[in-house]
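Colleague: My questions will all concern the structure given below.
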Amino acid sequence: MRSLHGAGALVSIDLNAICDNWRLLAARVAPADCAAVVKADAYGLGASRVGPALAGAGCKHFFVAHLDEGMALRPHLPAQATVYVMHGVPPGAEAECAAHGLVPVLNSRQQIDAWRDVAISLGRRLPAIVQVDSGMARLGLSAPELQQLAREPSAFDGIAVAYVMSHLACADEPDHPANAVQLANFVAARRLLPAAPATFANSSGIFLGSAYHFELARPGAALYGVAPVPGRPNPMRPVVRLQGKVIQTRTVAAGAAVGYSFSWVAPQASRIATVSVGYADGYLRSLSGRGAAWLGETELPLVGRVSMDTITVEITALPEGAIGPGTLLDLLSPQHTVDDVAARAGTIGYEILTSLGSRYERSYG
Ligand SMILES: *Cc1c(COP(=O)(O)O)cnc(C)c1O
């Protein structure tokens, strides 16, 4: 049992905002369907909470990366929801995957053959998604594999192809020429496969236009508030608030150093608050000297290094006594978003979210 006061920081996750974000994307892709990508524990936010909330909002299609993630999520969703496993089935786990009612994304000839064999041995047709590589060279059938499959009509015996799928490499750059090239490759690849609906667009892909929507869109990051088109106004509602607790405050003299390696030296007498969040909590070490905490609208610059369990922020701008042990400072908030913090850390919002640690006290609203 955890003490209510025992955690170093609180993370609040707005499930209504996630559902609103899903509705916005679903409306944008209609009449296509809209899935939810809930891999990596719903981008760190808790798939067992996010999944049922989205199912309640009307989402029927859920994507995870690993078979284990699918098995963990399945019991939290209504029977009519489908869970797709994007990495497909590890060799030997096909019967287990089928027994759990999970739908694999078949990425290679071996995965197709193994799924076909288990379907035939079970004496029933098993659903699957078939993924083609349209240019990202990460997952999916290659062009030669597709040509070969097209010559073997029995290759898909026993497999009910629910969707043909591919994934965009540069969708977050709307003007990147790779988007149209991948789209053309995908359209051509579909002709070599059993006729089936298609799924192509991730969050950013949705904003490339309706040619990219096909029958099912697969957003992840935008559901969780990440801007789908970097550099453009973000239409998504913010989802996450992270508040770190002050443990101690102190005054340091001009010339005093703060933290590991003495990387920050006070230019004048300064007040410092130590907050119990560190890189072990996914507060990235690259935020050393660049991050900030906020009390209301007052920005409190992070000074010195990010430690494993703590950060130090300069609170000289605040009136004496405004902050003490137990005060909560915002580290992520609707005003200071995952994208803002990611920019300071030199990374993307996805990494800020999926790094969120397990020591936080979590609450869902
Ligand atoms: C992660 C992932 C998605 C979701 O991407 P976002 O950019 O988070 O919307 C969709 N499809 C595949 C294949 C993925 O790996």
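Bear in mind that the values in this text are calculations on the coordinates, not laboratory data. Every value quoted in this text rests on a predicted model; they were computed, and no experiment measured them. With ideal geometry, Cβ positions are generated from the backbone for all residues, glycine too; neighbour counts draw on all protein chains shown.
Colleague: If the label point is 7 Å along Cα→Cβ of Ala160, which residues in the stretch 90-118 have backbone nitrogen under 20 Å from it?
Modeller: The answer is 94-107, 112-118, whose backbone nitrogens lie closer than 20 Å to the label point.
Colleague: Follow-up. Which trypsin sites (Lys or Arg not before Pro) from the stretch 121-226 combine a DSSP loop assignment with at most 11 other Cβ atoms within 10 Å? It would help to have the intermediate numbers written out before the result.
Modeller: Working: sites: Arg124, Arg125, Arg138, Arg151, Arg190, Arg191; in loops: Arg124, Arg125, Arg138, Arg151, Arg191.
When the trypsin sites (Lys or Arg not before Pro) of the stretch 121-226 are filtered for loop state and at most 11 Cβ neighbours within 10 Å, Arg124, Arg138, Arg151, Arg191 remain.
Colleague: While we're looking at this one, here's another question. What is the set of long-range amide H partners of Ala160 at a cut-off below 5 Å, with H atoms built 1.01 Å from backbone N?
Modeller: Leu126, Ala128
Colleague: Take peptides 227-233, 337-343 and line them up by average Cβ neighbours within 10 Å, highest first, as a rough protection proxy. Please list the in-between numbers first.
Modeller: Working: 227-233: 15.3, 337-343: 20.1.
In decreasing order of mean packing, 227-233, 337-343 become 337-343, 227-233.
Colleague: For Thr82, list long-range residues whose amide hydrogen, built 1.01 Å from N in the peptide plane, is under 5 Å from its own amide hydrogen.
Modeller: His61, Phe62
Colleague: Further question: Stretch Asn16-Lys60 to full length: gain in nm at 0.36 nm per residue minus the Cα-Cα span?
Modeller: Working: separation 44, 0.36 × 44 = 15.84 nm, distance 1.71 nm.
Full extension of this stretch gives 14.1 nm more.
Colleague: Tell me, in nm to one decimal, what length is gained between Asp340 and Ala317 on full extension, where the rule is 0.36 nm per residue of separation less the Cα-Cα distance?
Modeller: Details: separation 23, 0.36 × 23 = 8.28 nm, distance 2.17 nm.
That works out to 6.1 nm of additional length.
Colleague: In nm², what is the average projected area of the convex hull enclosing the Cα atoms of the chain? Kindly include the intermediate steps, with their values, before the conclusion.
Modeller: On the way: hull surface 81.4 nm².
Mean shadow area of the hull around the Cα atoms is 20.3 nm².
Colleague: A further question on this structure: Give me Met165, Met71, Met236 ranked fewest to most by other Cβ atoms within 10 Å of their Cβ, as a rough exposure proxy. Display every interim value, and only then the final one.
Modeller: Values: Met165 27, Met71 19, Met236 23.
Arranged by neighbour count, lowest to highest, Met165, Met71, Met236 become Met71, Met236, Met165.
Colleague: In the stretch 300-343, whose amide N lies under 19 Å from the spot 7 Å out along Cα-to-Cβ of Thr251? List them in ranges.
Modeller: Zone members listed by number: 313-325.
Colleague: Which order results if Thr251, Thr199, Thr310 are arranged by neighbouring Cβ count within 10 Å, fewest first?
Modeller: Numbers: Thr251 13, Thr199 27, Thr310 22.
Fewest-to-most Cβ neighbours within 10 Å comes out as Thr251, Thr310, Thr199.
Colleague: Can you put Val226, Val240 in order of Cβ neighbours within 10 angstrom, beginning with the fewest? Could the numbers behind the result be given before it?
Modeller: Values: Val226 29, Val240 26.
Ranking Val226, Val240 by Cβ neighbours within 10 Å, fewest first, gives Val240, Val226.
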